[in-house]
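Since every read-out is calculated from the coordinates, none of them should be taken as a lab result. Every value quoted in this text rests on a predicted model; they were computed, and no experiment measured them. Cβ: placed from backbone, ideal geometry, glycine included. Neighbour counts: every protein chain shown.
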Amino acid sequence: MTKQVKPYSSEFPEVLTIIKDGRSRAFQAVNIALIETYWAVGDYLSRKVATSGWGKGVVRELADWLLVNAPDAKGFSAPNLWRMMQLYDTYAGNERLAPLVRALRDGLNIVLKCSRMEPVSNEDKSSTTDHFPGAGKMVRETNQWIIIR
């Protein structure tokens, strides 16, 4: 015995679309918040390295301290902390790219692997990145790296 479809059930996919769109916006908001967090951590570390003499040992201690005091906060190992600082140091002075890095929807990979970017030709850039010179190299890398959560 098969269940009969009610006449209004043809409208159900619209509700599913609303749910999927909402979930997508939620993931985007989380990614933006994470990128802003990584940017702020990179800024903080950059200042500490420049003014207080922090080095690999102190950053390693910070990573260990975070692991003990915030065990649910994943992705803050010493190498990742250095990558956050590299991201900040690389793009903070670029008036066009700094806002883009913080606003990228898929930026988590870029944040964690920013030191591995390579230049690409203008032909390789998508129409979105044409508005931000140099952004094409970041977008190219997003499909090649693992997202760490």
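In table form, for the structure just shown:
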| item | result |
| --- | --- |
| Sorted by Cβ density within 10 Å, fewest first, the residues LYS56, LYS48 | LYS56, LYS48 |
| Packing-based order for 73-83, 15-25, using average beta carbon neighbours within 10 Å, highest first | 73-83, 15-25 |
| Full-stretch length increase - ASP89, ALA33 - with 0.36 nm per residue and alpha-carbon distance subtracted | 18.2 nm |
